[in-house]
Amino acid sequence: MRCLILAIVLTTAFGDNVFGGKGDPDNGCPVPEIKPADLSTICAEIECAKFTKLDIDGCFEARKYSPAKWVSTEVPDSFMGFRKAFKSLFNYIEGANDQKEKIPMTAPVSNMLVMGSDEQVKVQYMSFLIGEAHRSSTPKPTNKDVMLVEEGEYTLYARAFGYTGFMASKSLIKQEFGILANELKKAGVEVEWSYPITMGYNSPWDSEKRFEVAFAAKAAPSPKPKDLDEICKDIECAKADIHDVKGAPNVQRKDYYEYVVVKSTTSKLLTGSITRNYAGPTSS
């Protein structure tokens, strides 16, 4: 099975005007120092997240992604956090699920960061795409730290680049985020700046590699939800302790007796329920 790896991601400010690539003589767009591997070639060998390209001018690629299901886990805040998160997800597709079923690897390995007002990472989620063959009947994780996530249609603005060595360096990723952020600002595109995303496509041993940095299109303001206390006067509700996620406005953590739901009111990528199973199978 082809194994993907997610490189070390940006953990500092990403909006600096930092340019490392050479200018494109045809359109003035900064091009990567190393050309990325061709996406169509990668996706001919492994199932990839489906999207259509949008006709939007700018030094980036605008994509509308189809609804999808992902298996995700929070990246621990530790030196070995990324390795632990990747292993948890890889174990799931290797059979650590209620059906003990092996699930094919897909692309990309996605990492979404939740940034605080101080431009430091507060929470990170690593995700593998669930392929079409398992989307309608997806095995449930047996690891309480792994969750299944449904995503609706959404738009991303992405920039791809290549790299050498085992993984893309932190400085290179920061540089590419800076270029993308600057180009989006020049184009007047509104995005969710607090939720940067990275996407890895390759094995460390591939000769040609592809890595992408991206921002989601800014979500339309959500209508004000009905007050939960008013709802629960008329119907019995699940009992939960509600906590704010430090440094991440509009993100709440609800601790229930048997599972955890994380919900955001601002980011499309977080909108909806993420169920983490603690005491046997539960549903979102």
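Values as computed for the structure displayed
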item: Entries of LYS53/LYS226; LYS185/LYS226; LYS69/LYS209; LYS87/LYS209; LYS140/LYS239; LYS122/LYS186 with Cα pairs more than 32 Å apart; result: LYS53/LYS226; LYS185/LYS226
item: Isotropically averaged projected area of segment 77-119, using the convex hull of Cα atoms (one quarter of hull area), nm²; result: 4.3
item: Sulfur and carbon atoms: percent of accessible area, segment 147-206 [1.4 Å]; result: 51
item: Charge dipole (debye, nearest 20) of segment 185-242; +1 at Cβ of Lys and Arg, -1 at Cβ of Asp and Glu; result: 360
item: Label-to-label distance, nm, for residues given as ALA96 and ALA187 (7 Å Cα→Cβ offset); result: 3.8
item: Pairs from LYS64/LYS218; LYS84/LYS218; LYS50/LYS174 whose Cα-Cα separation, in the structure shown, is over 19 Å; result: LYS84/LYS218; LYS50/LYS174
item: Sites matching trypsin sites (Lys or Arg not before Pro) across segment 119-155 that sit in DSSP coil, with at most 14 neighbouring C-beta atoms within 10 Å; result: LYS144
item: Accessible heavy-atom area order of MET167, MET126, highest first, probe of 1.4 Å; result: MET167, MET126
item: Average silhouette area of segment 102-230, convex hull of alpha-carbon atoms, in square nanometres; result: 11.7
item: Accessible area (Å², per residue) of segment 66-132, counting only protein heavy atoms and a probe of 1.4 Å; result: 45
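The values are calculated or read from the model by the stated rules, or taken from the named source; none is laboratory data. None of these values were measured; they are calculated from a predicted model. Glycine also receives a Cβ, built like all others from the backbone with ideal geometry; neighbour counts cover every protein chain displayed. Areas reflect the complete protein model, heavy atoms only, side chains present, ligands, DNA and RNA absent. Shrake-Rupley method; radii C 1.70, N 1.55, O 1.52, S 1.80 Å.
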